[in-house]
Amino acid sequence: MPIIRGNVVGHVWEGRRSMDLDLQILDMAGATPEHSAVIVNFVAAIRRQLRHSTCYVFSDNVQYKFKAEGGDSQTVIPDASINCRVKSRRGNAFIDAPRFVMEVLSPSTEKYDRGEKMELYRQQEIEEYWIVDWKKKSVEIYELDYENGIPKYYLWKTVTEDNKGEMELIHFPSVNLSFDELFDEVNL
């Protein structure tokens, strides 16, 4: 999924409207089938279990617009998210943070997913953040907590083949997803 960062500034010029775009495209590489398989596996398993709740699971085509600490507006498209405030939208983008976000690593986005994107999710106080490495078949589960009133992510657990029975969604305890379900058909 392309990562686009920037600002749009509008101007009025002789009765016409123009816009200056200050955009930076950070990634245009397409996802691998393995990357996509992890997302599809997650969404399919979770969707069934959230069917009669107020929460919904979304794949990597849903936008969230957030205000960063500096006041700038940023749009992000997580690989998967669970949102329980789906009525809070402007256009095709949610403006409230989801409760859960998952990012599947790729070489072109790993630094962004672990750095700037994770920091933005922390600022929005997203309760749970998973970083999935399909090549290593590992899941890093981060939980949001507070230190002196400041939100901070703590690595709760890294799940691999060795401890795969310990994988769980911390903030959705009634939702089950096994390690094998998440990585099903990943080695195509």
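For the stretch 29-182, what does the alpha-carbon gyration tensor say about shape, rounded, prolate or oblate, given a ≥ b ≥ c as the root eigenvalues, a/c under 1.5 as rounded, and a/b over b/c as prolate? Cα axes put the stretch 29-182 in the rounded bin. Backbone amide hydrogens, once placed in the peptide plane, bring Ala80 within less than 5 Å of Met102, excluding anything fewer than 5 places away on its chain. Among the lysines, which fall within straight-line cross-link reach of Lys117, defined as a Cα-Cα distance under 22 Å, with same-chain neighbours fewer than 8 residues apart omitted? Candidates past the 8-residue exclusion: Lys65, Lys67, Lys135, Lys136, Lys137, Lys152, Lys157. Exposure proxy shown here: for Ile77, Ile82, the number of other Cβ atoms within 10 Å sets the order, fewest to most, as Ile77, Ile82.
Phi-derived couplings, Karplus 6.51 cos²θ - 1.76 cosθ + 1.60 at θ = phi - 60°, listed residue by residue for the stretch 46-57: 7, 4, 4, 7, 9, 3, 10, 10, 8, 9, 10, 9 Hz, with x used for Gly and Pro.
For the stretch 137-154, the Karplus equation 6.51 cos²θ - 1.76 cosθ + 1.60, evaluated at θ = phi - 60°, returns couplings of 6, 9, 10, 9, 10, 9, 10, 7, 9, 10, 10, 6, x, 9, x, 8, 8, 10 Hz by residue, with Gly and Pro reported as x. Counting every other Cβ atom within 10 Å of each residue's Cβ, Met118, Met102 order from fewest to most as Met118, Met102. Under 5 Å from the amide H of Lys157 lie the amide H atoms of Ile141, each residue being 5 or more positions distant or on a separate chain, with H modelled from the backbone and absent for Pro and chain starts.
Checking every one of the trypsin sites (Lys or Arg not before Pro) in the stretch 31-67 against DSSP loop status and a limit of 14 other Cβ atoms within 10 Å picks out Arg51.
Relative contact order for the stretch 29-182: 18 percent, from Cα pairs under 8 Å spaced at least 6 residues apart, divided by residue count.
Bear in mind that the values in this text are calculations on the coordinates, not laboratory data. Worth saying up front: this structure is predicted, and the values here are computed from it rather than measured. When we count neighbours, we look across all protein chains shown, and the Cβ atoms used for this are built from the backbone with ideal geometry, even at glycine.
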